[in-house]
Each structure stands twice: as structure tokens, then as C-alpha cells.
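Beneath this line is the structure, given in C-alpha cells, with notes to follow.
The values are calculated or read from the model by the stated rules, or taken from the named source; none is laboratory data. A quick note: this is a predicted structure, and the numbers were derived from the prediction, not measured. Note: ideal-geometry Cβ built from the backbone for every residue, glycine included; neighbour counts use all protein chains shown. In case anyone asks, the SASA skips ligands and DNA or RNA and just uses the protein heavy atoms, side chains included. Shrake-Rupley method; radii C 1.70, N 1.55, O 1.52, S 1.80 Å.
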Amino acid sequence: MPSVATASLLPPLAITQGDPAGIGPEIVAKAFRDAPQELRGCFVVGDLATLRRAVRCIARPGEPLLPVATIATPAEVAGVPPRCMPVLGLPGLPGPLPFGEVSAPAGRAAADCVVWAARAALRGEIAALVTAPLHKEALSAAGVDFPGHTELLQAEAARHAGVPLADMPVRMMLASDELRTVLVSIHVSLREAIDAVTPANVLDTLRITHQALLRSLGRAPRIGVAGLNPHAGEGGLFGLEERQVIAPAIAAARQQGVDAHGPYAPDTIFMRARSMPQRPGEFDAVLAMYHDQGLIPVKYLGVDKGVNVTLGLPLVRTSPDHGTAFDIAGQGVADAASLIEAVRMARRLAAAH
């Protein structure tokens, strides 16, 4: 992690409130309350009344409420006292909405916060954005054309650069201290995910992973590639994608200087890559062929440890690796650990960006 002095030289970090009907606002408030040093130099983008409700949700008997400071620009964060949550309120957002309910206003509010933060990052006004969870069904109800954060940020970055969406390829990485996985496809059906396993997509994912980890690790990463089929196809008995698609993409990547290996059986590669105190993992990251193949192993090791990172963007974005948890929203019991980890990682990545 960058030193306090290094971190203080960075512009502020923005944290989006997430879906106001979920746990996003309360885990943000809890992070400011419980990890004030980690959250120095951060501010929240969202609705002031919603975030004040979140402060009340996490209140402890006999303790004062977490103070909230309103700011008009990211630069004003420097003047906010310690142990206080700075909030940059966006005009036009709805006030507090019912907990645990999917709604178009909630989806629109979450999207508006992300778009504002993405544009601020692309202008250089903030060092990174950390996104609290949004609800994909609410996003769709609001008429947003993108299924999640990753695709929404990709569109904003492409618009800013003035290039077609296809010229701004992005990938999702889920990372913890023990394991990193990067996905060839993200929020599509399993049938579509299989169709997305093409030589071009696998090669692009290897390139993006190599470039991103080269910056953050300071060296070329060793990347293990999972097969698509059981036993990585078992020599063609259980599928030909490994021979015809994945292995050629790995060979092409290696010719370009990427330290990629595989394809390996997907039921063992994650164990081989896992880094533990008694032994380092064989790989710095595993390339997974689809969403659940890559995310289940990291989440199984601990949802509180995992951080979602978007690779391939001209900005730094991280997120906790869990969702809106509508079933416990408003109870003040949600764990802020993954959000705090997301802030830590955003600082590290921003310092290396």
C-alpha cells in the first residue's frame, strides 16, 4: 500500500453510494466510522438525505452519530475534519427510498453517481472511484442500456476518448490476498459466455491482464489459463475449445511477451494459483472463461476479502465483491470489510496508474 505521504499526494477518491435501497449507503457510512484513517481523502457521491439515513442505521447506542460534511467539489475534501464523512450531493437524485425494493428511481440514482464519478476520474479530478453495489434489475428498470458497472464505465471511457465501444475492451478481475481471477466474459448467459470463448477474446483478456498487473506488480505477471471444459477437454474427448481456441490464443500471447500458461483443468488451477503463508501460488492470476468459473473460487475464500477491479480502462475503479443484499438493507448489520479493501486497492492502483 502507498505510504501516507504518497497517498496524500493523490487527488481524492470518490465512493459512489450504490443502490439507495440496498446496503451500499450503510457500508459506506460504516467504513468512514470504523476505518477513518483508511478513508482519509475519500468522499461519497450521492444523496445527502439517503446517506444521513445510513448514518442513523449504523448508530450504536450511547455513541454520537457519524458527522456528515457537505462539499461542492472534490478539492474541498482536504478541508474536512477527520472522523467525518464528506458527501458531494448530486442534484436530481431521489431522497431515501424504501429498503429492499427494486425500482427505477433507485437504479437511475446509482447510475448517475457512477457516471459523475467516471467523468470526474477521466478529467483527473479524482484519483479513483470505488463503487458501492448497485442492483442490475433496478438499473434495467431505469432504462440504462448496460447490465452493470463494468459496461457502464466502459461506455463512459469510450465516449470520453471518442472511440467506438469495441476499441475500449475491458475485463473484470476479482482479487484478494490469496487469489486473482480475470474473466473472458462478464454479465451474459452461460450459453453466450461459451460463444464468447474465441481466440480474439482470450488473447485480448491475456493482454489486458498482463498490462494491468505489470503496472501494479512492477513485473510481468505469470498467468494461468483455465480450460472451458471438464479436465480442460481431456485431449479433445470432452470438447475441442482448448485445442482450437484457447491454446492458440495462449501461444499468440506468449509471442507478444505475455507469460501465459495452460489451458489447465478448471477444477484444480485455482488451488494451484492460491497464495498462502506457507507457499506462494504458481500464478499471479488465473484467466477464467466465464463469470462463475472465476468468481466462485475467490468468493469462497471470503467475500470480505475480495475486491472487484475493472481492467483496461484509463481510470481506476474498484468495488466490493458482493451485491446490494436487499434482505438485510437498513438493519445496520452489513459488513464494510470488502468496501474498505476496495479503497485500499484503489489507492495502490492509483499510485501505480
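Quick notes
- Split the accessible area of the chain by element, probe 1.4 Å, and carbon with sulfur accounts for 54%.
- FRET efficiency, Ala72 to Gln256 (Cβ-Cβ, R0 41 Å, nearest 0.05): 0.30
- The residues packed around Arg119, meaning those with a beta-carbon under 10 Å from its beta-carbon, carry a net charge of 0 if Lys and Arg are +1 and Asp and Glu are -1.
- Extension reserve of the Gln211-Asp292 stretch, reckoned as 0.36 nm per residue once the Cα distance is removed: 26.8 nm
- Accessible area, probe 1.4 Å, largest first, for residues Cys57, Cys113: Cys57, Cys113
- Put a plus charge on the Cβ of each Lys and Arg, a minus charge on the Cβ of each Asp and Glu, and nothing anywhere else: the dipole of the chain about its Cα centre is then about 920 debye.
- Cα gyration tensor, the range 1-138 - rounded (a/c under 1.5), prolate or oblate: oblate
- Rough spin-label spacing in nm, given labels placed 7 Å along Cα→Cβ, for Leu190 and Arg60: 4.4
- Multiplying the residue separation of Ala161 and Leu237 by 0.36 nm and removing their Cα-Cα distance gives an extension gain of 22.8 nm.
- Summed side-chain charge close to Gly95 - residues other than Gly95 whose Cβ falls under 12 Å, Lys, Arg +1, Asp, Glu -1: +1
- Theoretical ellipticity at 222 nm over the chain - DSSP helices of four or more residues, -39500 (n - 2.57) apiece, nearest 500: -11000 deg cm²/dmol
- Net charge of Cβ neighbours under 12 Å - reference His353; Lys, Arg +1; Asp, Glu -1: +4
- Positive-end extreme of charge dipole, the range 50-201 - chosen from His149, Leu139, Leu90 (charges on Cβ): Leu90
- The chain: angle of helix 199-217 to the longest principal axis, Cα-based, in degrees nearest 10: 60
- Solvent-accessible area per residue for the chain (1.4 angstrom probe, square angstrom): 42
- Lysines with Cα under 18 Å of Lys30, excluding same-chain neighbours fewer than 8 positions away: Lys305
- Nearby aspartates and glutamates by direct alpha-carbon distance to Lys136 (threshold 13 angstrom, same-chain neighbours under 8 apart not counted): Asp19, Glu101, Asp145, Glu151
- Most to least accessible of Leu97, Leu183 (protein chains only, probe 1.4 Å): Leu97, Leu183
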